[in-house]
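Just below is one structure, and these are the notes that go with it.
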Amino acid sequence: MIEQPYIGRAKIDFDGFKMKIQIPSKKNWFIILFLSAWLVGWYFGESSVIKELISNDNIGVNSFMLFWLAGWTIGGAFAFVVLLWTLIGRETISIDRSIIQIDKGILDFGIRSKRYELKSLKKLELNPGQNITTLFAQKNVGDFWGLTGGKLRFDYGLKTIKFGIGIDEAEARYLIDEIKKKGYYKENE
C-alpha cells in the first residue's frame, strides 16, 4: 500500500486582506497519558494535605505544609495547562498589511498573544531542527513541553521570534511560501 501525501495540520484562511493560519497542538500521547495519571496522584496529594492542614494544630508542621502545598498547587496547575494545551490547544497566526499577530490558546481562550509590525520583520525562515540534546538544553521549559518555540522564525529588532509549534519542516516551508505569495513579506525587507 502506498502512503498518501501528508496534507499538513495548518488551516489557512485568506479573505483578500487578512491571512489567518490556525495550527492545532500536536497530540503527544505519552504526555497525555503521563500527565493524566500524574494529575490523579496530584489530586490525592493535594486533598490529603488540605485535610491535614484543617485538622492539625501544630504551627511548625502547618508552615511546612503550606509551603509544600503552594509548590504542589503551582506544579499541578502547570501540568493541567500542558495537558489542556496538548489536547485542545492551538496557535493562530493572523497577518494583515501591517501586523502579524501570534496567539496561543486553549480553544478560544488566549493564553498568550503577541503583535509585531511587518515592516520591522526580518529574515522569515525555517527554524533549524531540534535534536534531543538541544531540546534538553533549552532555557525555556515551554520548548520542552511543546508550549513555545516552533518551526518558523523571524528577527524582530535584536530578538528572534519563533512560532509554528508542532508542524513539520515541509509544512513550515509551505507556510513561508504562502505568506510571501500573498505579499506580506518580501526577502529584501
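The values are calculated or read from the model by the stated rules, or taken from the named source; none is laboratory data. No experiment lies behind these values; they were computed from the predicted model shown. Positions of Cβ are generated from backbone atoms using ideal geometry, with glycine treated the same way; all protein chains shown enter the neighbour counts.
Residues in region 148-189 that are under 12 Å from LEU126 (Cα atoms) and of a type in the set (Phe, Trp, Tyr): PHE154, PHE163, TYR174. A residue that is of a type in the set (D, E, K, R) and exposed (fewer than 15 other Cβ atoms within 10 Å of the Cβ) occurs somewhere in region 87-101. Cβ-Cβ contacts under 7 Å between residues 6 or more apart (or on different chains), taken from a first residue in region 108-119 that is free of Cβ contacts under 8 Å to residues at least 40 places away in the same chain and under 14 Å from SER94 (Cα atoms) to a second residue that is in a strand (DSSP E or B) and among the basic types (Lys, Arg), are listed as ARG112/LYS104. Counting only helices (runs of 4 or more DSSP H) wholly contained in region 87-189, the ones carrying 3 or more residues that are at pLDDT 90 or above occupy 169-181. Restricting region 25-54 to residues that are of a type in the set (Ser, Thr, Tyr) and either under 16 Å from THR86 (Cβ atoms) or in a loop (DSSP other than H, G, I, E, B) (or both) leaves a set whose member that is farthest from the chain's Cα centre (by Cα) is SER36. Of the residues in region 56-69, none is under 28 Å from the mean Cα position of the chain (by Cα) and under 25 Å from ILE106 (Cα atoms). Being surrounded by 11 or more Cβ atoms within 10 Å (Cβ to Cβ) and either over 21 Å from the mean Cα position of the chain (by Cα) or more than 23 Å from ALA79 (Cβ to Cβ) (or both) is the filter here, so list the residues in region 1-24 that pass it. Once the filter is applied, which keeps residues that are surrounded by 11 or more Cβ atoms within 10 Å (Cβ to Cβ) and either over 21 Å from the mean Cα position of the chain (by Cα) or more than 23 Å from ALA79 (Cβ to Cβ) (or both), region 1-24 yields GLY8, ARG9, ALA10, LYS11, ILE12, PHE14, LYS18, MET19, LYS20, ILE21, GLN22.
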